[in-house]
């Protein structure tokens with residue numbers, strides 16, 4: 001097969017809906033699609049992250065220092081020649097580069113048909129206090145371990161639905177997320193393992209009792225049939241060694257060489273987080289595990305996960321004033337506080353205009369009308385999210401643009417919501433929020449994706465046509481051949497097919 005090392009193609013897109021910037025020339029250079037960061041290393045020390053300290057540190061110190069520092073905006077450091085992210089222990093290209101059926105999307109990280117068996121599950125450890133009790137269980141039929149979490153009576157169905165749906169979305173996007181699925185069971189379906197334990201107030205281990213089990217399950221939300229509803233999250237591969245951070249590197253992992261705030265997939269994580277309003281996207285909701293090269297080897301590598309999406313899609317807290325702010329303002333937002341001082345609090349904030357949908361108050365203030373992707377904020381300052389530039393946002397948006405209405409519907413179906421209105425409202429909000437992300441990040445620039453060359457042609461995909469956001473008839477394309485930046489051919493008008501594929505030929 002003849003390669004085309006010298007020819008550069010410049011394709012210009014004229015959109016009927018906006019003024020698009022002209023893309024640069026296509027570079028026919030080698031493309032790295034696999035970043036081998038799994039070289040054998042010794043097991044790192046376990047890292048403990050304090051929720052209170054992480055919040056204080058990012059709110060009071062990191063945020064303040066970032067505001068005072070003169071930081072030069074630099075592009076992400078781990079992209080290839082196509083401005084894409086290679087596969088690594090952090091990220092795996094899935095729906096962004098390949099076709100994923102709605103059925104596969106809904107499966108997420110789970111095995112086909114994966115579920116808990118009908119045998120009585122063994123509770124090995126548990127969290128019995130707090131708003132979201134749960135247990136680590138073992139399924140005797142398979143030997144697999146799962147984290148079993150329950151919904152609260154305040155918002156029955158929402159947290160478990162968000163945890164399950166969120167895991168499907170993040171898996172398809174390309175992150176490593178656990179296998180999460182819904183479970184319905186009665187209180188006789190769990191019994192204590194002989195060595196079951198829980199943590200005491202000082203962090204030590206004490207026995208988990210039958211009374212603890214009954215207490216936790218009595219406060220969990222129940223279905224009309226009297227069953228406990230919850231989500232099961234399978235333990236991931238490897239030995240946990242703590243969360244990963246949103247900035248810096250891990251000193252005891254020689255494979256971790258790019259500061260996390262300079263990794264595109266971490267910076268652009270703000271885009272899917274904004275989509276589902278995963279405002280609790282902090283380091284405590286990440287996980288690293290040490291995976292041994294083989295069972296007899298003490299060396300291995302570190303895998304990176306994003307876990308726990310239960311805050312997403314409309315979490316409601318006891319304080320309505322705080323709840324309204326989720327996604328719009330930090331818990332303690334210096335900028336908003338300063339603005340309120342200057343305006344004497346007279347300016348009406350966007351979160352004061354939101355209302356719960358009467359058809360689905362289950363999802364709190366999770367809506368699309370007041371969603372502006374570029375303004376979205378998590379619970380507190382996140383250094384990597386703050387460093388996201390337009391190229392990062394575009395990269396995240398073009399992945400999300402490939403998630404169709406059918407994909408969203410398939411993921412929602414795995415939550416087994418009890419009312420059709422819940423399904424309809426959630427589908428509508430997720431679709432419109434996705435559309436707003438696509439419009440903000442993709443419409444101002446070229447929507448060409450996934451270039452492919454052969455001996456005589458160069459083909460692209462127009463992501464807006466492929467995703468159904470624009471019709472091929474409304475898009476106009478021109479191309480010409482160049483050699484080292486010098487045009488040597490005439491402009492040729494091109495046309496996309498119904499799926500957005502555009503091809504042009506070259507004569508050497």
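The values are calculated or read from the model by the stated rules, or taken from the named source; none is laboratory data. This is a predicted model, so every value here is computed, not measured. In this analysis, Cβ positions are derived from the backbone assuming ideal geometry, glycine residues included, and neighbour counts consider all displayed protein chains.
Out of (1) under 18 Å from the mean Cα position of the chain (by Cα); (2) more than 19 Å from residue 99 (Cα to Cα), the odd one out for residue 411 is which?
The single condition residue 411 does not satisfy is (2).
Just for strands (runs of 3 or more DSSP E) wholly inside region 429-508: which have at least 1 residues that are at pLDDT below 90 and under 30 Å from residue 367 (Cβ atoms)?
448-453
Hey, can you tell me all the residues within region 403-414 that are surrounded by fewer than 23 Cβ atoms within 10 Å (Cβ to Cβ) and outside any helix (DSSP H, G or I)?
Matches in region 403-414: 404, 414.
Can you confirm whether residue 359 is assigned by TED's automatic domain parsing to the domain that holds residue 77, farther than 30 Å from residue 91 by Cα and part of a loop (DSSP other than H, G, I, E, B)? Explain how you work it out, then say what you get.
On the way: assigned by TED's automatic domain parsing to the domain that holds residue 77: yes; farther than 30 Å from residue 91 by Cα: yes; part of a loop (DSSP other than H, G, I, E, B): yes.
Criteria met by residue 359.
Of the conditions (1) surrounded by fewer than 21 Cβ atoms within 10 Å (Cβ to Cβ); (2) in contact (Cβ under 8 Å) with a residue 40 or more places away in the chain, residue 251 clears all except one; give me its number.
Result: residue 251 passes all but (2).
Go through 187, 195 for me and flag whichever is at negative phi, outside the structural domain of residue 414 (by TED's automatic domain parsing), assigned to a loop (DSSP other than H, G, I, E, B) and surrounded by fewer than 23 Cβ atoms within 10 Å (Cβ to Cβ).
Details: 195 fails: assigned to a loop (DSSP other than H, G, I, E, B).
Of 187, 195, the one residue that is at negative phi, outside the structural domain of residue 414 (by TED's automatic domain parsing), assigned to a loop (DSSP other than H, G, I, E, B) and surrounded by fewer than 23 Cβ atoms within 10 Å (Cβ to Cβ) is 187.
How many residues does region 254-276 hold that are farther than 25 Å from residue 311 by Cβ, surrounded by 20 or more Cβ atoms within 10 Å (Cβ to Cβ) and out of contact with any strand residue (DSSP E or B) (no Cβ under 8 Å at 6 or more places or on another chain)?
So the count comes out to 0.
Residue 157 is checked against (1) on the phi < 0 side of the Ramachandran plot; (2) crowded, with 17+ Cβ neighbours inside 10 Å and fails just one. What number does that condition carry?
Failed condition: (1).
Considering only residues of region 53-79 that are modelled with pLDDT under 95 and in a loop (DSSP other than H, G, I, E, B), which is surrounded by the most Cβ atoms within 10 Å (Cβ to Cβ)?
Per the criteria, the residue is 71.
Given the options 458, 430, 417, 464, name the one that is within 18 Å of the chain's Cα centre (by Cα) and either surrounded by 21 or more Cβ atoms within 10 Å (Cβ to Cβ) or farther than 19 Å from residue 100 by Cα (or both).
Working: 458 fails: within 18 Å of the chain's Cα centre (by Cα); 417 fails: within 18 Å of the chain's Cα centre (by Cα); 464 fails: within 18 Å of the chain's Cα centre (by Cα).
It is 430.
Of the conditions (1) under 23 Å from the mean Cα position of the chain (by Cα); (2) modelled with pLDDT of 95 or more; (3) over 30 Å from residue 96 (Cβ atoms), residue 331 satisfies every one except a single condition; which number is it?
Checking residue 331 against (1) under 23 Å from the mean Cα position of the chain (by Cα); (2) modelled with pLDDT of 95 or more; (3) over 30 Å from residue 96 (Cβ atoms), the one that fails is (2).
Could you please tell me which pairs satisfy a Cβ distance under 6 Å, a separation of 6+ or placement on different chains, a first residue in region 211-222 that is in the same structural domain as residue 190 (by TED's automatic domain parsing) and part of a helix (DSSP H, G or I), and a second residue that is at pLDDT below 90 and surrounded by 15 or more Cβ atoms within 10 Å (Cβ to Cβ)?
212/128; 215/128; 216/128; 216/133; 217/187
If the requirement is being in contact with a strand residue (DSSP E or B) (Cβ under 9 Å, 6 or more places away or on another chain) and closer than 26 Å to residue 274 by Cβ, which of these qualifies: 105, 185, 181, 173?
Values: 105 fails: in contact with a strand residue (DSSP E or B) (Cβ under 9 Å, 6 or more places away or on another chain); 185 fails: closer than 26 Å to residue 274 by Cβ; 173 fails: in contact with a strand residue (DSSP E or B) (Cβ under 9 Å, 6 or more places away or on another chain).
Just a single option satisfies the conditions, and that option is 181.
Hey, residue 191 hits all of (1) under 30 Å from residue 97 (Cα atoms); (2) over 32 Å from the mean Cα position of the chain (by Cα) but one; which does it fall short on?
Unmet for residue 191, out of (1) under 30 Å from residue 97 (Cα atoms); (2) over 32 Å from the mean Cα position of the chain (by Cα): (1).
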